[in-house]
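What follows is a set of notes on a single structure, which appears directly below.
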Amino acid sequence: MAASSSTSRVRYKMLKRLLWGPNMSFTVRRLNVESLRYECQVQSRAKRVPMPLEGVVGLEIHAQIHSKTKMFSGSAVHFQSPPNALVSFFDASLPGTLPVLNKRCVEAAVMTALALNCRINRKSLFDRKHYFYADLPAGYQITQQRRPVAVDGVLNYSLLGGKKGNQVVRKNVRIKQIQLEQDSGKSLHDDARAQTLIDLNRAGVGLMELVMEPDMTCGEEAAAAVRELQLILQALGTCQGNMSEGQLRVDANVSVHGPGEPLGIRTEVKNINSIRYLAKAIDYEIQRQMDVLRRGGSVHNETRSFDSKSGTTVPMRDKEGLQDYRFMPEPNLPPLVVYEDPDSVPSGADVQQAVVVQSLRAELPELPAVRRERLVKTYGILPEHSLTLLNEDGLVDYFERVLKATSREPRNVIGWVTNELLALLKQRDLNVSQSPVSPSSMAQLLELLETRRISSSAAKQVFQEMWRHSGAKTAVEIVSELDLSLVSDVEQLHEVCAKVVDSHPHEVQAFQAGNKKVLNKLMGSVQKETKGRADPITVRKILLDKISKRV
C-alpha cells in the first residue's frame, strides 16, 4: 500500500512539471492534474473494494410447432419413430425438390404472436442461413433473418418473492421477434465404434424461434418466464412444450456488469432441456463470471453447455470470431403474406390457403394469466395459490376433482393440495399424474376432517399412510386400524384436561396473569395424552372452564 501511494505521488509531481509549461494556463494545468490524481485514487480503491456486479440474462427459445407434418414437406412429425423413417426427398435435400410452406405452421406462429402482444408483419421473408453440419443435408437452414413474422412483443410472468418468498411478484420481458425456421436432423455419436450416425426424422420440422431481450437478472426469473411461455404455448396448442423430448429448447445469453455500466461480454449456454436446470445453469454462469472479473480476469465470448451432474457450465467452442452465415434470400419461397380480415384477402386468391389474423384472434383460448384470475375469483384462493396450481401440470384438475367430492371449503382444500401433496411429489420427483393418492381418496380424508371424525394432526398421519400404501387402503380403514378417531367421550376429555391443569400450576398462573399463549402448551399436553385424538375446539372450551374455576 505504501509503495503504491509513493508511486502515485511521483507520477503526480512528474505530470505537474510537464503540464506547467509556458503554453498552458494555470487553471487548465491544475484541473488536469487533479483529474489524473482522482483517476489514480479510483484505480487504487478498485483494487481494494469488491466490484458491485449484477447479472443480465436474455433467452433464445426454439419451440417445435405442434403440426402433423413438417414445415416445407409432407413428412409426418412423430417422436421416437425408427431412424430415418420420416424423411421426404426434400428433407434429404435431393436435387430438384422444392419447399411447400405448411399453413398450420404459419397460423401457429401468428397465434403465438397474438398471445404475446407482438406486432405481426403483414409481409415477412424467408432466408437461407448457410452452415455445414452432417445433420443439415442442404448445407443451409431456411429461416427468417431479414423480416420475421412478428416483432416487439411482451411476455408477462409472475414468480413468488417478497420477504417470506410467498408473495406474487409480477414482471415482464420484451420479445424482440418470433421467426419461423426449419429444424435440423440429429447426430447420434457411437463412441464404442467411433462413428456418428445421422437421423433425419427431425430435419425440416417446423420451429418458432422466440428471441427475448436481456431484461432478466437471474435464473429464477428466466425459469419463471420460460414456464409461463410453456403454459401459453400449451394453452394455444401451438407447441406441446415437452422439454425432455426437445419440443422446447432454451439457449441463455448471460453477462454481468456494474450498475449503470454497458453490458458485459456474454456467454451462451446452449440447449438447456429443463426449467430446473435452466435456473441452475444461469445462476452458476452469473457467479462464475463475477468471480472471473473480481480476480482481475476477463470473460470470453464463448458457447458453453450445462453439466447437470456437476451443476456447472463447461466450454464448448469459442465465439470470438464472428461466423459468416452468408445469409441470402430464399429463392424458392415468395414473401409470406398474412391478412387482417377476410375482406383484405385479394379477389381471386384461395381463401382456404390465406392466413387471416382476425379469425385466429377469435380462436385464442383462455390464457394462463386469465385462468389464474378466474381461479382466485371462483374459489376465493390467494393469487400465490393460483400460481402454484397452474405451474404444476395437472394440479388444477386434481384440485377441482377433490372439491367436487368433498363439502370442505376451497380455501381449506388448497393447503392440502399445494402443501401436503405437492411436497411429497417433489421429494420423490413425481408429477401429479403419478400421485399414489387419488383425488377421490384425498376427498374422503378431508371429509373425515370436515365432519370432525379426526383431528388435523391425525389427518396428516392418515395421508402419510395412504401415500405409503399407494392408495391400497382407504382413509376410513387407516383411521380404524390405527384408532385415530376423535375421542367422543366428553367425560374422558374432562378427566384428561383436569389432569393437565393440575400438573401445570405455573402455566395456569401465567394464563391467569394475562399470558394467553400458554394455553397452546396446555392443549398440546392434552393432545399428547389422547394421542392427537381430542377435538381442539372442545379441549379449548374445557380448559378455559377449568382454569377459570381454579383459585
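Within the range 502-540, count every residue that is in contact with a helix residue (DSSP H, G or I) (Cβ under 6 Å, 6 or more places away or on another chain), small (G, A, S) and either at negative phi or exposed (fewer than 13 other Cβ atoms within 10 Å of the Cβ) (or both).
Matching residues across the range 502-540 total 3.
For the range 347-446, which fully contained helices (runs of 4 or more DSSP H) count at least 3 residues that are among the aliphatic types (A, V, I, L, M)?
Correct list: 357-362, 368-379, 383-391, 395-404, 422-427.
Of all residues being in contact with a Lys or Arg (Cβ under 8 Å, 6 or more places away or on another chain) and closer than 16 Å to N156 by Cβ in the range 205-215, which is least open to solvent (accessible area, probe 1.4 Å)? Just the residue, please.
M212
Take the residues in the range 167-204 that are small (G, A, S) and loosely packed, with under 14 Cβ neighbours inside 10 Å, then tell me which one is nearest to H66 (Cα to Cα).
S187
V462 - would you say it is in contact (Cβ under 8 Å) with a residue 24 or more places away in the chain and open to solvent by less than 80 Å² (accessible area, probe 1.4 Å)?
For V462, the condition - in contact (Cβ under 8 Å) with a residue 24 or more places away in the chain and open to solvent by less than 80 Å² (accessible area, probe 1.4 Å) - is not met.
Enumerate the pairs (first residue in the range 388-414 and in contact (Cβ under 8 Å) with a residue 12 or more places away in the chain and open to solvent by less than 10 Å² (accessible area, probe 1.4 Å); second residue anywhere and of a type in the set (G, A, S) and part of a helix (DSSP H, G or I)) with beta-carbon separation below 7 Å, excluding pairs fewer than 6 apart on the same chain, so at least 6 apart or on different chains.
Close Cβ pairs (under 7 Å, with a partner that is of a type in the set (G, A, S) and part of a helix (DSSP H, G or I)) amount to V402/A443.
For (1) closer than 30 Å to P329 by Cβ; (2) without any contact (Cβ under 8 Å) to a residue 60 or more places away in the chain; (3) assigned to a strand (DSSP E or B), each residue gets a yes or a no:
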| residue | (1), (2), (3) |
| --- | --- |
| V169 | no, yes, yes |
| R174 | yes, yes, yes |
| V211 | yes, no, yes |
| E220 | no, no, no |
| A224 | no, no, no |
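Looking at the range 145-156, can you tell me whether even one residue there is closer than 20 Å to S67 by Cβ and without any contact (Cβ under 8 Å) to a residue 40 or more places away in the chain?
For the range 145-156, residues closer than 20 Å to S67 by Cβ and without any contact (Cβ under 8 Å) to a residue 40 or more places away in the chain: present.
What's the total number of residues in the range 470-482 that are touching a residue at least 12 places away in the same chain (Cβ under 8 Å) and open to solvent by 40 Å² or more (accessible area, probe 1.4 Å)?
So the answer is 4.
Looking at the range 487-541, which of its residues are farther than 27 Å from E450 by Cβ, of a type in the set (K, R) and either modelled with pLDDT under 85 or assigned to a helix (DSSP H, G or I) (or both)?
K499, K521
Determine whether V338 is surrounded by 11 or more Cβ atoms within 10 Å (Cβ to Cβ), in contact with a strand residue (DSSP E or B) (Cβ under 8 Å, 6 or more places away or on another chain), farther than 30 Å from L160 by Cβ and modelled with pLDDT of 95 or more.
In short, yes.
Every residue, every condition in (1) over 15 Å from K531 (Cβ atoms); (2) basic (K, R); (3) at pLDDT 95 or above, yes or no:
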{"residue": "A423", "(1), (2), (3)": "yes, no, no"}
{"residue": "Q427", "(1), (2), (3)": "yes, no, no"}
{"residue": "L448", "(1), (2), (3)": "yes, no, no"}
{"residue": "S455", "(1), (2), (3)": "no, no, no"}
{"residue": "A458", "(1), (2), (3)": "no, no, no"}
{"residue": "S470", "(1), (2), (3)": "yes, no, no"}
{"residue": "K473", "(1), (2), (3)": "yes, yes, no"}
{"residue": "V479", "(1), (2), (3)": "no, no, no"}
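Based on this model, can you work out whether Q230 counts as surrounded by fewer than 23 Cβ atoms within 10 Å (Cβ to Cβ) and over 18 Å from I286 (Cα atoms)?
Criteria not met by Q230.
Anything in the range 291-335 that is surrounded by 13 or more Cβ atoms within 10 Å (Cβ to Cβ), free of Cβ contacts under 8 Å to residues at least 40 places away in the same chain and within 22 Å of L59 (Cα to Cα)? List them, or say none.
Within the range 291-335, H300, N301, E302, T303, R304, S305, F306, D307, S308, T312 qualify.
The values are calculated or read from the model by the stated rules, or taken from the named source; none is laboratory data. Worth saying up front: this structure is predicted, and the values here are computed from it rather than measured. A quick note on method: Cβ atoms are made from the backbone with ideal geometry, for glycine too, and the neighbour counts reach across all protein chains shown. Accessible surface areas use protein heavy atoms only, side chains included; no ligands, DNA or RNA. Shrake-Rupley method; radii C 1.70, N 1.55, O 1.52, S 1.80 Å.
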